[in-house]
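Colleague: Take a look at the following structure, please.
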Amino acid sequence: MASVDMIAETTREAASDETARAEAKTPPLRVLVCLSASARGPDADHGGKSLAGLMEDVATRLRSDRPNSQLMVAFPAYDTSAVETQENRGYKTVPYVAAGETRTVWMHSAEDFRRASTLMKQNDCSCCVLLGAEAHSIVPDTISAMIHMVIESGCDLAVPRYLIDPDEGVFNSAMLYPLSRSLFGSEVRTPLALDIAMSARMVERMGTATARIPAGSQATSILWPVAEAAVAGYSMGEVIAGRREEPISPDLDLKAALALVAGSLFSDIETKAAYWQRNRPAPLQMCSGEDVRTSGDTLAEFSMDEHDADPLIDSFRLAYGNLHEIWSLVLPPNSLLGLKKLSLMPTESFRMSDALWVRIVYDFALAHRLRTLNRGHLLGALTPLYLAWVASYILQCRNAEDAKRCMDALAAAFEADKPYLVSRWRWPDRFNP
Amino acid sequence: MFSQIRIALTGSLERVLTKLATFLPGVMALLLAVILLTLVGAGLAWIVKRLLTRIRFDERVGLENSAGVSDWSPGHSPTLLATRIVFWACVTLGVAVGISAFDAAYDGKADISAFLLPYIAHSIGSIVLLLAGTVVARFLARSVLIGAVNAKLQYARGLSVGVKWLVLVFTGAMVLNNLRIGGMVVDLAFGILFGGIVLTMALAVGLGSRDIVARSLDRSVSDLNPGSTERTVAARNSEEKPRVLRHF
């Protein structure tokens, strides 16, 4: 019996030696986590939390799944010569030169993707995670699940679907998600995600996309990874996550923020026109993601009530009286009639139909391409129409269930009216209902 | 006496016809120069248009300069702008050559070209000023209108019209000054008109709607708060949590 035990012990030792030799031969799996340019560094204190603790946790989980892996954390430093690359607490820190404060602090700019692409190549990484501002509030499970999707499931793009209350991310519900779903077939809820995990080829693709943007504009230009992945035929998926602290941009008012995001989206749509005009685009490869919510993650109720829509409706009525001539350059007579009826509606029954909002968005996207008027003016003229939609949304959606139903109905309306956009895009002078 | 009248009339008719005969070749030379160079200009414009269309000039300019040439160009097409510049440059050259030819063919003593050519240059400059001023006036008026509407100012349209007329009056004064028409009268009239418009707008905005301006400024300050992407609605009572709508 003793000899049998010895044989078993010898066999186990041989197996572990074999594994150790195999791991020593295979190159280490490197995962790069890029912190936002507005981050203060891994050790900075954010009300008792620090990014260092979060990164340590993520590194530990990564090593438990894959012992032969290494986490690298890239953080902004204004003078990289004064900061050395360190390896401590289970991950390696890599400083990069911050481009200075940018206006797009709550979303990733082309500069962020270009930097990620450069760092990926320099450090031979297999996966890159871009974290937006206020990343200290992210639960480690979320980041681990995103990395797992990219490395284990072979997903090219993984984004978290955070728990968003009905009165948050309203512009995403109004335009970004429905347009992304209608034109690119993507079910990803936040096309302009704060946190993104990408495979090496996805990062390379995004790096190539930044080449289209002049160097001076990269810090303030937005890229759309979901659309890029769809056009390239890459796979994407979502991790169902809990809450995250949303960053705040102090320098932009609503008009400027809307002009920045909507203008970038319309330009991206124009660039990818050949893809979304296909009759039967190839179906998107969607990866199934983990659900890392905890029992405490629940949706809050809608905090706005009917009276909160009053200033928005007044703003729309003022705009209707003053901007009608400008809108008539962009919108066809049907839409103008719809807006006229809307301006005459009493506050209690103020409702912008999904069909009207869809036509407005599509016509503005077309006008952006045709340069019917100056693009700054065009996007400025869109703001009151968006506020009218928000007023209608507040009055229609009284709870979280209503908000979800409204969002899905709107996305379906965008999909149903896509032929209108295709027709007008191809024949802008001939087809004008 | 009748014979003397007849001689006088015949003599003056002869002189006029002689003058006309010497004048006509100059006019023909002027017309010929203008027509020829107009045709050359049309041909060059066609070549330039084909070339720029082939290299997708409009798309390249639009991609790299979204808020520049494409927005100012006629029909939002930099190609069209370039072809029109080429065409009208050739026409202008034709007029200049024609005037020199007229001067040479007519009578060396008058030296009409020394008088006409600078005036034509000033006229062309004035036309360019007028066009630029009109475009700038429309652009600024629209910018002010959209900005004022988004800032919820009730007098947005008045402000926009005021800005437009300010720029147009300024442009008109510059054009007349460039053409040397009116002299001091134009300068004084411009000063009075421009100052009057500015004073009127200042009184209307400052005195007539100071409450509205104060409310608008208060709203603008609260909208520019951190979370400028948020709309914070004041709670109805101190115990109620402030309600926030986040657009992004």
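Colleague: Given (1) over 16 Å from A:E228 (Cβ atoms); (2) more than 13 Å from the chain's Cα centre (by Cα), identify the lone condition not met by A:A211.
Modeller: (1)
Colleague: Just wondering, is there one or more residues in region A:398-412 that are under 13 Å from A:M175 (Cβ atoms) and in contact with a Leu (Cβ under 8 Å, 6 or more places away or on another chain)?
Modeller: no
Colleague: Determine whether A:V390 is in contact (Cβ under 8 Å) with a residue 24 or more places away in the chain and surrounded by 21 or more Cβ atoms within 10 Å (Cβ to Cβ).
Modeller: Answer is yes for this residue.
A quick yes/no check of all residues on (1) polar (S, T, N, Q); (2) closer than 25 Å to B:V244 by Cβ; (3) surrounded by 15 or more Cβ atoms within 10 Å (Cβ to Cβ):
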{"site": "A:V330", "(1), (2), (3)": "no, no, yes"}
{"site": "A:L342", "(1), (2), (3)": "no, no, yes"}
{"site": "A:P346", "(1), (2), (3)": "no, no, no"}
{"site": "A:S353", "(1), (2), (3)": "yes, no, no"}
{"site": "A:L356", "(1), (2), (3)": "no, no, yes"}
{"site": "A:I360", "(1), (2), (3)": "no, no, yes"}
{"site": "A:A365", "(1), (2), (3)": "no, no, yes"}
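Colleague: Given the residues B:K152, B:K109, which is the only one that is more than 19 Å from B:L37 (Cα to Cα), at pLDDT below 90, within 11 Å of chain A (Cβ to nearest Cβ) and out of contact with any Cys (no Cβ under 6 Å at 6 or more places or on another chain)?
Modeller: B:K152
Colleague: So, of the residues in region A:227-278 that are β-branched (V, I, T) and more than 11 Å from chain B (Cβ to nearest Cβ), which turns out to be surrounded by the most Cβ atoms within 10 Å (Cβ to Cβ)?
Modeller: Taking the candidates together, the pick is A:V239.
Colleague: Exactly one condition in (1) modelled with pLDDT of 85 or more; (2) more than 14 Å from chain A (Cβ to nearest Cβ) is false for B:V161; which is it?
Modeller: (2)
Colleague: Looking at region A:215-226, can you tell me whether even one residue there is within 24 Å of A:P419 (Cβ to Cβ), crowded, with 19+ Cβ neighbours inside 10 Å, away from chain B (no Cβ under 14 Å) and not β-branched (V, I, T)?
Modeller: Yes, there is a match, as at least one residue in region A:215-226 is within 24 Å of A:P419 (Cβ to Cβ), crowded, with 19+ Cβ neighbours inside 10 Å, away from chain B (no Cβ under 14 Å) and not β-branched (V, I, T).
Colleague: Evaluate region A:353-373: report whether one residue or more is facing chain B (nearest Cβ under 9 Å), in contact with a Leu (Cβ under 6 Å, 6 or more places away or on another chain), hydroxyl-bearing (S, T, Y) and without any contact (Cβ under 8 Å) to a residue 60 or more places away in the chain.
Modeller: Yes.
Colleague: Return a yes/no flag: does region A:419-433 have any residue that is crowded, with 16+ Cβ neighbours inside 10 Å, within 24 Å of the chain's Cα centre (by Cα) and under 24 Å from A:T271 (Cα atoms).
Modeller: Checked region A:419-433: at least one residue is crowded, with 16+ Cβ neighbours inside 10 Å, within 24 Å of the chain's Cα centre (by Cα) and under 24 Å from A:T271 (Cα atoms).
Colleague: In region B:31-69, which residue that is part of a helix (DSSP H, G or I) and within 14 Å of another protein chain (Cβ to nearest Cβ) is modelled with the lowest pLDDT?
Modeller: B:E64
Colleague: Out of all the residues in region A:222-239, which are within 14 Å of the chain's Cα centre (by Cα) and touching a residue at least 60 places away in the same chain (Cβ under 8 Å)?
Modeller: Listed by number, the residues that qualify are A:I222, A:L223, A:P225, A:V226, A:A229, A:M236, A:G237, A:E238, A:V239.
Colleague: Return the pair list, or none, for Cβ contacts closer than 8 Å from residues in region B:138-155 that are touching a residue at least 60 places away in the same chain (Cβ under 8 Å) to residues that are hydroxyl-bearing (S, T, Y) and in a helix (DSSP H, G or I), at least 6 apart or on different chains.
Modeller: B:A151/B:S216; B:A151/B:S220; B:K152/A:S315; B:K152/B:S216; B:L153/B:S216
The values are calculated or read from the model by the stated rules, or taken from the named source; none is laboratory data. Bear in mind that the values here come from a model prediction, so they are computed numbers and not experimental data. As a convention, Cβ positions derive from the backbone with ideal geometry for all residues, glycine included, and neighbour counts pool all protein chains shown.
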